[in-house]
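Notes for the one structure printed next.
The values are calculated or read from the model by the stated rules, or taken from the named source; none is laboratory data. If you're wondering where the values come from, they're calculated on a predicted model, not measured in any experiment. Quick reminder, even Gly has a Cβ in these numbers, built from the backbone with ideal geometry, and neighbours come from all protein chains shown. Ligands, DNA and RNA are stripped out before the accessible areas are found, and what is left, the full protein with its side chains, is counted by its heavy atoms. Shrake-Rupley method; radii C 1.70, N 1.55, O 1.52, S 1.80 Å.
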Number of protein chains: 4
Amino acid sequence: MAGNSFGKIFSFTSFGESHGVAIGGIIDGCPSGITIDADYVQSELNRRKPGQSEITSPRSEDDTVEFLSGIFEGKTTGTPIGFIIKNKDQQSKDYDHLKNVYRPSHADYTYDKKYGVRDHRGGGRSSARETATRVVAGAIAKLILKKYKIEVLAYVSQIGSVSMDNDSTVISSESVEQSMVRCPDVNSSEKMIALVQQLKKEGDSTGGIISCNIENCPAGLGEPVFDKLHADLGKAMLIINAVKGFEFGHGFKSAAMRGSQLNDSFRNEDGKILTKSNFSGGIQGGISNGERIYFKVAFKPVATIMKQQQTVNKSGENVDFKAEGRHDPCVVPRAVPIVESMAALVLVDHLLRNNLYNYNT
Amino acid sequence: MAGNSFGKIFSFTSFGESHGVAIGGIIDGCPSGITIDADYVQSELNRRKPGQSEITSPRSEDDTVEFLSGIFEGKTTGTPIGFIIKNKDQQSKDYDHLKNVYRPSHADYTYDKKYGVRDHRGGGRSSARETATRVVAGAIAKLILKKYKIEVLAYVSQIGSVSMDNDSTVISSESVEQSMVRCPDVNSSEKMIALVQQLKKEGDSTGGIISCNIENCPAGLGEPVFDKLHADLGKAMLIINAVKGFEFGHGFKSAAMRGSQLNDSFRNEDGKILTKSNFSGGIQGGISNGERIYFKVAFKPVATIMKQQQTVNKSGENVDFKAEGRHDPCVVPRAVPIVESMAALVLVDHLLRNNLYNYNT
Amino acid sequence: MAGNSFGKIFSFTSFGESHGVAIGGIIDGCPSGITIDADYVQSELNRRKPGQSEITSPRSEDDTVEFLSGIFEGKTTGTPIGFIIKNKDQQSKDYDHLKNVYRPSHADYTYDKKYGVRDHRGGGRSSARETATRVVAGAIAKLILKKYKIEVLAYVSQIGSVSMDNDSTVISSESVEQSMVRCPDVNSSEKMIALVQQLKKEGDSTGGIISCNIENCPAGLGEPVFDKLHADLGKAMLIINAVKGFEFGHGFKSAAMRGSQLNDSFRNEDGKILTKSNFSGGIQGGISNGERIYFKVAFKPVATIMKQQQTVNKSGENVDFKAEGRHDPCVVPRAVPIVESMAALVLVDHLLRNNLYNYNT
Amino acid sequence: MAGNSFGKIFSFTSFGESHGVAIGGIIDGCPSGITIDADYVQSELNRRKPGQSEITSPRSEDDTVEFLSGIFEGKTTGTPIGFIIKNKDQQSKDYDHLKNVYRPSHADYTYDKKYGVRDHRGGGRSSARETATRVVAGAIAKLILKKYKIEVLAYVSQIGSVSMDNDSTVISSESVEQSMVRCPDVNSSEKMIALVQQLKKEGDSTGGIISCNIENCPAGLGEPVFDKLHADLGKAMLIINAVKGFEFGHGFKSAAMRGSQLNDSFRNEDGKILTKSNFSGGIQGGISNGERIYFKVAFKPVATIMKQQQTVNKSGENVDFKAEGRHDPCVVPRAVPIVESMAALVLVDHLLRNNLYNYNT
């Protein structure tokens, strides 16, 4: 009941602190016979890692995944897949000044209140470094989704005050990856990069929004009344560090609309049942209906800024604090593979769950 | 792995269709020795039920809860609490015309695709009637929260285009309940009522937003890295019928902000560690920090409208469809106790989970 | 985490005390499209109920199951199946003398120590009456097993000192049910009945052994390394009231044997891989191998006897105690359908779990 | 729902094959602030490892545990504890002859039937090597039990036909560990050693029985009606490789007894409620009553013998097979720490679960 497992059938348990020996995890419930393309897994990890471009943190974490079990002669065996990513370039001494201070809007204070003891180095367990393990698990989930031709594609649609509002932008893996901020619209991408560089100079940070499309998801995924597909996607997004909001389909804008505007009429097109519009976002009653699933995820600015802030220390004294070390002014571009990974974990879990119960098929 | 249980320690399993014999549930993991005020539970149910005011559906569902086990001489015994709410006033024939039609933006189509068979009467399992069972479980959760002096208070902050923007409004159980739409701001409440009445005439529907405050939540609740408190709250809200979005703290607006604006400085005030601002919404790193927790939930308009719509039937033929029967143009006011119930279930579950692991206390 | 749910995919949650309003349960995860033969379910319940023969308790519990949800037009819908069995013939006053006494070898003392409060009437939650709900769930599981032609057949092989040692006895539903003690060997059956009648006169009780065969179980069921098929069967048996031991295959006798005696050689017989002997009991490495699964379950004597015993009361005073009311001198014959039900629940759960992961099939 | 996690609150997930890179696991739900004595953990591992005495396999597996997370400055932090044990001395070529053969009474055939693919080297996932990870988790569980002064002590009470029948034997850690076969009775121990040496010469194997006592377990552990303490202990034992039976308290012998013989009378002794006898084995109604808990576990002979056997290969052809390599004629002595570890995992899980629900304490 500690919260380090995710997924009920395709289940992922993670471990590891930012500056411990290693981070890693176990995937239990992966079907046997899946070919594991280790290069693909590593390439996904590389999309997340720091130091990948001039606007990210210069920490050169190597982030090399080592698989320890569950794969034999290149294929999954149905037994648990254990893996580790060793922590290198730790420079733990960078963090001695954090031992007794509660950084504003970080998890230092709450971890101390909850557990009484805390690995303060680099945020310990609360560090976003832990999300590297999710990207490994997510990459394996994506390999399974490929067999079903399901595609998960996330991209940055807002950084700070810069929104991508060009509706005709082509969203593709290529258009996303060609941008340093993973925004497929070239014009918006440039503005976003400029903003991030400006913030870096100022020692400040900013938030953003990641949008995500899921294509070719079959109808039937989702387990009402409590494990609705969109709710599991929402939870998956909300457990990404710095996320403050989730909406799917027409989202918050739905509140101001009328039913007559927002209902998605069904139609039969060449023998296939489709909807004319897709305000529902591909999910109705918690179950996918075969249309595109789409959602948005809001990220707050990184809490670490290079400005002096007021806070308290472990003894409860009011102190001034200024961060040191190496940090990103905006982590949203690096969160794109994490969003995709978490979505992929949910989809595989629900694919397997849906296979379970439909007695007739 | 079917999705009809919620909560890991304080666990609620629900059953029932809109027009079956009864709906009900089992609460497992309720501590022993809790005094159950049955009148309070019933009063919570009454806040959800149809027909409670002139702007809601005139169906007079009686919604009387009957406890079957787990309570002895007025107190919980630590054994599972089973309960039922009988379905009355069923008028199932009202629904014969729905047998083969897939209503737009309802779950008819997706249930048929998933399960192959479906109780079409009144939406069956996908009907919001099922949420009555959650209100029973939530009321018991609230009785536990009272022992900890934790209060969950939800209210309507938007209906259609009418937002409550008066920041000085007193949010209290009284100010909320005196309003037919459960909006504590008298001025906004009147506008909302007028809008709902207008929509009723037009046979249309609208969405809205429910805001929720949690007061006096102790620090330490939440189980990183996957069962973060806000993520479990988010999932709990997303599994309420018609919900399309969830945000906590500064939410989606955080995306456009800077770290220097949004960081919550800690301060020691009379020996208590507090934050100066509360953009975090009372949760940091997935763990409550002792400040107010607050979040917003977006509801889409009810899919049932009294207008002719295009759709398909079970045979895949394009047909016209117009709803019959009795429906609310806006269910958001009746969803207020459901929001509170789901939040209470999450809080009790996390209270118990947190008690578990803190070895030092 | 309270322990009132059983099974991971085909999941059963039970509620209810012996003298509350009703007992009942929810089956979640039952595939859709299963035809529910309500008469069959009731007939299974009747095999368990008291008063079914002259050697059982004369309490005339009616034990009528009422299904409340999850079944529509005679078939399961894939939604949770809720059901209740009302408690009648309660005569709670019979139990006033038990309010403050801890009966020897009953659960009165341990429930009080654990929960601090206890429904003392008829044993409350610890009463074997609760097993009626398992028989309902088990009967539905058996209906699913029938689709796979899997048969679960239990019988009494020992009562007190009388063992059934005739290896040529035909074990069939008919040979078992024709015996008042559910022992298929006519000769042993008569001796057992005589023993039970003698004990009834003496006001004493006795234990016994139930043997169980599972026929036509396909190879592949069981989830190593922790949810091995025999371990889940073992746990299922050990949670039947009064059970003290479980063994499968050659069981405890294996300890004294040599590998060269006990190994089951494989052979190819007409294209089918079988084993020459079956000391393994149909399960190897925790996974079924297609051979007959068989196991034995040991029951202690009923703790309720009509003799004066020494014990303590709630205040800790040493007191004398003599049971009143109506009790069976040997419940083992009535436990036969419970053994079958628990085995069926395990098998269906593992059938569904096994369907999940084998990617290639 | 794959079966590689054990425990609900103190949860252990294992991974690893006999000849993969490493075996290991994650403990999630360990309370914070526990001092981890790494030497103690290693000493427990050494009790299980091969090559520890002249009667065990000469494989010199090093079995060194490496902790990767969850421990900071010698104490647990409440975050998941990840660990690995690297596989050395693999000599995988020893196993090439096993690639296509189904060894009698091994799991080769069933793994192939279930998963379609199998790491054949040294038994892969079905190898008892995996139990080393359980001993690591169990050692940490024991460190928690020590805080509660609960002791788990297992010993060999039978090997082959040699039973330890001296009731006056002192059962202590010392008396057990001074024996090469972990039988505390010196006389029986010598006979057992002679038997094992004889079997080694003959190339045969034998089974045995391990008995286990749990001292100082407080009353209240166990979660009826499905997670009864003895049932979770029983399952824990049945998932140890080669186990065929489990009994607790008076066990199978209860079947032939009368209630008047077997009931445990309560008595108040100096203000403490005890039982005069303890046929119940310290558990009543599935909940510990404060008396000694004791149980027995039956092991079949190791399936690997140095004699020619008949079997089939993957193509279904009948073939002769003779094992090569290095094997123990009797693994029961090495299973003693595994029995203790599994029992400790169950006890800690139930300790934490029991802390949860008793509202009044």
Average partner coverage of D:307-313, which counts Cβ from other chains inside 10 Å: 5
Which residues does a label at C:Glu202 reach in segment D:235-274, if reach means a backbone N under 11 Å from a point 7 Å past the Cα toward the Cβ? D:257-261
Taking a quarter of the surface of the convex hull around the Cα atoms of the protein assembly as shown, what do you get in nm²? 49.7 nm²
Label 7 Å beyond Cα on the Cβ vector: D:Asn187 copy-to-copy distances, nm: 4.0, 9.7, 9.8
Counting alpha carbon pairs within less than 8 Å and at least 6 residues apart, what relative contact order, in whole percent, applies to segment D:5-356? 22 percent
Quick one: helix A:38-48 against the long Cα principal axis of chain A, what's the angle to the nearest 10°, folded into 0 to 90? 60 degrees
Please arrange C:Glu340, B:Glu324 by accessible surface area, largest first, computed with a 1.4 Å probe and ligands excluded. B:Glu324, C:Glu340
Mean Cα-pair separation over length for segment A:1-148, i.e. relative contact order, pairs under 8 Å, 6 or more apart, %: 30 percent
Go through segment C:70-79 residue by residue and turn each phi into a ³J(HN,Hα) via Karplus (6.51, -1.76, 1.60, θ = phi - 60°); whole Hz please, and just put x for glycine and proline. x, 10, 9, 6, x, 10, 5, 10, x, 9
Per residue of C:204-211, what is the mean number of Cβ atoms on other protein chains within 10 angstrom of that residue's Cβ? 5
If packing is taken as the mean number of other Cβ atoms within 10 Å per residue, what is the order of A:73-81, C:36-44, C:220-228, highest first? C:220-228, A:73-81, C:36-44
Tell me the distances, shortest first, between D:Ser53 and the same position across the other copies, using label points 7 Å along Cα→Cβ, in nm to one decimal. 5.0, 6.5, 7.9
Peptide C:342-352, shielding by other chains (average Cβ, 10 Å cutoff): 1
At 1.4 Å probe size, with the rest of the protein present, what percent of the exposed accessible area of segment B:133-173 is carbon and sulfur atoms? 45 percent
Run the simple label-point estimate for D:Lys307 and B:Lys272 please: 7 Å along Cα→C-beta, distance reported in nm. 7.8 nm
Residue by residue through segment D:26-36, the couplings from Karplus 6.51 cos²θ - 1.76 cosθ + 1.60 with θ = phi - 60°, in Hz, x for Gly and Pro, are 10, 9, 10, x, 6, x, 7, x, 7, 6, 9
Cα centroid distance between segment B:116-145 and segment B:18-78, in Å? 11 Å
With every protein chain kept in place and ligands, DNA and RNA left out, what is the accessible area per residue of segment A:217-314? Probe 1.4 Å, answer in Å². 28 Å²
Too long for a 31 Å Cα-Cα cut-off, among A:Lys149/C:Lys149; A:Lys322/B:Lys244; D:Lys114/D:Lys300; C:Lys49/D:Lys253; C:Lys149/C:Lys200, are A:Lys149/C:Lys149; A:Lys322/B:Lys244; C:Lys149/C:Lys200
Rounded to whole Hz, the Karplus (6.51, -1.76, 1.60) HN-Hα couplings of segment D:219-225, x for glycine and proline: 5, x, 7, x, 10, x, 9
With all protein chains present, segment D:267-330 has a carbon and sulfur share of its accessible area (1.4 Å probe) in percent of 42 percent
Residues whose built amide H sits under 5 Å from the amide H of A:Glu223, excluding neighbours closer than 5 in sequence, are A:Lys228, A:Leu229
Can you work out the FRET efficiency for the pair D:Lys253 and B:Asn46, with r the C-beta to C-beta distance and R0 = 35 Å, to the nearest 0.05? 0.05
D versus C: buried accessible surface, summed, Å² (probe 1.4 Å, to nearest 100): 8500 Å²
What residues have an amide H closer than 5 Å to that of A:Phe72, excluding those fewer than 5 places away on the same chain, when H is modeled at 1.01 Å from N in the peptide plane? A:Thr77
Work out which residues of segment C:222-237 lose at minimum 40 square angstrom of accessible surface when the other protein chains are put back, relative to the chain isolated, with a 1.4 angstrom probe, and list them by number. C:Pro224, C:Val225, C:Phe226, C:Lys228, C:Ala231, C:Lys235
Note the angle between two axes, namely the Cα long axis of helix B:332-357 and the longest principal axis of the Cα atoms of chain B, as a number of degrees from 0 to 90, rounded to the nearest 10. 40 degrees
Counting each DSSP H run of 4 or more residues in chain A as -39500 (n - 2.57), what helix-only mean residue ellipticity at 222 nm follows after dividing by all residues, to the nearest 500 deg cm²/dmol? -8500 deg cm²/dmol
Around D:Arg182 (Cβ within 15 Å, Cβ-to-Cβ, excluding D:Arg182; K/R +1, D/E -1) the net charge comes to -2
